[in-house]
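Let me begin by presenting the structure, written as structure tokens, before commenting on it.
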Amino acid sequence: MDQIDEYEQGERVRAWLRNNGSSLIGGVAIGLSALGGWQWWQGQQDQKLVDAAAEYQAFAKAIDAKDDAKAGAHATSLAQLVPESPYPLLAALRRAEVLHTQGKDDEALKVLDAAKAIQADPVLVELSQLRAARLLAGMGKHEDAIKRLDAITDTSFPAVAAEIRGDAEMALGRRDAARASYEKALASLDIAAPTRPMVEMKLTDAGGSPTAQPEI
């Protein structure tokens, strides 16, 4: 289920804070400045970010404590407090992962479906849908997984999307389509990518032949 590690997730939050921490809406800032209320408004936004960081920490603690009720409450609070930040999406991804490990795939899918409505970070939105597609495939809903992938028009994770599609096609007995998907996945993967050997194995199972890589 993991496609972005904790470091990358943290970097995405920090980048968002750098870009938006001082002012979230330039036009509103100008208007409030003219009214003499800019300092007050900026203070409100800074406090909102502080509150959001604390809320996410509380969410993480609830997840670690395996208290899904509290985790869900904190995730909802984040979505209401800072819907324009990466926090709600990161919370959704983490919560869905935990639910999956608990065998609660239907609940995990509901969390990922709700993440589609969050538009703060298109890359994280896409990641949530790739995880949903993988989850659907794992649940035996292979056609639904393919439909979920079809809805992603411009992927930032072409190798991941192609591999998931290949898995679904293979499960449906469509070996030619699976082989084409695995070949597409390999074409998008670096030679040293840790997932490359697994995709090559899947391609071989689908009747394909991985391209020989030059010796280093």
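Readers should treat all values here as calculations from the given coordinates under stated rules, not as data from a laboratory. From a predicted model like this one, the values you see are computed outputs, not experimental measurements. For neighbour counting, all protein chains shown are included, and Cβ atoms are generated from backbone atoms with ideal geometry for every residue, glycine included.
Report, in listed order, any pair from Lys110/Lys184; Lys61/Lys147; Lys70/Lys184; Lys61/Lys116; Lys66/Lys202 with a Cα-Cα distance greater than 31 Å.
Lys61/Lys147; Lys70/Lys184; Lys66/Lys202
Using Cα pairs under 8 angstrom and six or more residues apart, how large is the relative contact order of segment 157-211, in percent?
34
Which net charge results for the neighbourhood of Ala92, defined as the other residues with beta-carbon distances under 11 angstrom from its beta-carbon, given Lys and Arg at +1 and Asp and Glu at -1?
Result for the neighbourhood of Ala92: +3.
Using 1/(1 + (r/R0)^6) with R0 = 30 angstrom and r between the beta carbons of Asp190 and Ala65, what's the FRET efficiency to the nearest 0.05?
The computed FRET efficiency comes out at 0.20.
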